[in-house]
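A.B. asks: Sending over a structure as structure tokens; questions will come in a sec.
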Amino acid sequence: MDQNTLAFEHAPVGLILLENRVIRRANPRFGEMFGLTPSDCEGLPIAEIYASEEDFQTIGAKVYTAIRETGRYSDERVMKRADGSLFWCRVRGQAATTDTPENPFSTSVWSFADLSEDRPIVSLTQREREVAILTCRGLTSKEIGLELELSYRTVEEYRARLLRKFGARKLAELVAKLSGMPL
């Protein structure tokens, strides 16, 4: 086995090669993480492992912009296993050198790290997930409101719901729980 294949097959994180948002190759860790075999992953549209179609569209638009501008993208998001269960995942991607600004999704390599042990899933609505992610990025309620086209008071209500759902007493504790930091 050559070194490249060895590295791909035995990486401690899930790795995939994507072409136009379809998985062309997956390593065993990726399959294990999503409850699939690597061969089950081949030809699978990446949309199948997103928590929702709305996540696929929303995150996809952000990925498209970032890949076009920098060739890279990373975030932490909720993903879906083959059995339908949800889990937090750190996702990082790099466009291949064959990509062009006109087609940033042509070929890319992505890594996936399961964050389940550090960040359990709490049932959240799509909007609560968006507010949680932006809160973890350090945005204020007003900044989140501008990004999501909501009033800051509505954002504050979403934050209050998140505090209750996560059993946090204050915003810093919520951010720690959302980001998986030890308390």
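A.B. asks: Once amide H atoms are placed 1.01 Å from N in the peptide plane, what residues at a sequence separation of 5 or more from A82, or on another chain, have their amide H within under 5 Å of its amide H?
C.D. replies: The answer is G35.
A.B. asks: Could you state the accessible area per residue of the chain in Å², with a 1.4 Å probe and every protein chain left in place?
C.D. replies: 55 Å²
A.B. asks: Taking 37 °C and 0.692 mPa s as the conditions, I'd like the Stokes-Einstein D for region 1-128 in µm²/s, using the Kirkwood hydrodynamic radius from alpha carbon pairs.
C.D. replies: Reported coefficient: 219 µm²/s.
A.B. asks: For Q3 and Q57, what is the calculated FRET efficiency with R₀ set at 45 Å and r taken between the beta-carbons, to the nearest 0.05?
C.D. replies: Efficiency, rounded to the nearest 0.05: 0.75.
A.B. asks: Further, regarding this structure: With an 8 Å cut-off on Cα pairs and a minimum separation of 6 or more residues, tell me the relative contact order of region 133-182 in percent.
C.D. replies: Relative contact order of region 133-182: 26 percent.
A.B. asks: I would also like to ask the following. Would you kindly state the longest site-free stretch of the chain, with sites defined as trypsin sites (Lys or Arg not before Pro) in a DSSP loop (not H, G, I, E, B) surrounded by at most 16 other Cβ atoms within 10 Å?
C.D. replies: Excluding the exposed sites themselves, the longest stretch runs over 22-80.
A.B. asks: Across bins of 10 angstrom width beginning at 0, how are the C-alpha pair distances of region 55-183 distributed, in whole percent?
C.D. replies: Whole-percent P(r) values from 0 Å outward: 12, 38, 33, 15, 2.
A.B. asks: Express the Stokes-Einstein translational diffusion coefficient of region 1-67 in µm² s⁻¹, to the nearest whole number, given a Kirkwood radius over alpha-carbon pairs, 10 °C and a viscosity of 1.306 mPa s.
C.D. replies: 124 µm²/s
A.B. asks: For region 58-183, build the charge dipole from Cβ charges (+1 Lys, Arg; -1 Asp, Glu) around the Cα centre, then report which of T135, F112, I67 sits farthest towards its positive end.
C.D. replies: T135
A.B. asks: At 7 Å along Cα-to-Cβ for each site, give me the label-to-label distance between R161 and A82 in nm.
C.D. replies: Between R161 and A82, the simple spin-label model gives 3.3 nm.
A.B. asks: How big is the charge dipole of the chain about its Cα centre, in debye rounded to the nearest 20, if each Lys and Arg gets +1 on its Cβ and each Asp and Glu gets -1 on its Cβ?
C.D. replies: Magnitude of the dipole: close to 760 debye.
A.B. asks: Considering only protein heavy atoms and a probe of 1.4 Å, how much of the accessible area of the chain is carbon and sulfur, as a whole percent? Kindly include the intermediate steps, with their values, before the conclusion.
C.D. replies: Values: 5190 of 10100 Å².
C and S atoms contribute 51 percent here.
A.B. asks: Next question. Can you tell me what the convex hull of the Cα atoms of region 128-183 projects to on average, as an area in nm²? Let's see the in-between values first.
C.D. replies: Working: hull surface 13.3 nm².
It is 3.3 nm².
The values are calculated or read from the model by the stated rules, or taken from the named source; none is laboratory data. Everything quoted here is computed from the prediction, not taken from an experiment. Neighbour counts are summed over all protein chains in view; Cβ atoms, including those assigned to glycine, are modelled from backbone coordinates with ideal geometry. Accessible surface is based on the protein model in full, side chains and every heavy atom, while ligands, DNA and RNA are left aside. Shrake-Rupley method; radii C 1.70, N 1.55, O 1.52, S 1.80 Å.
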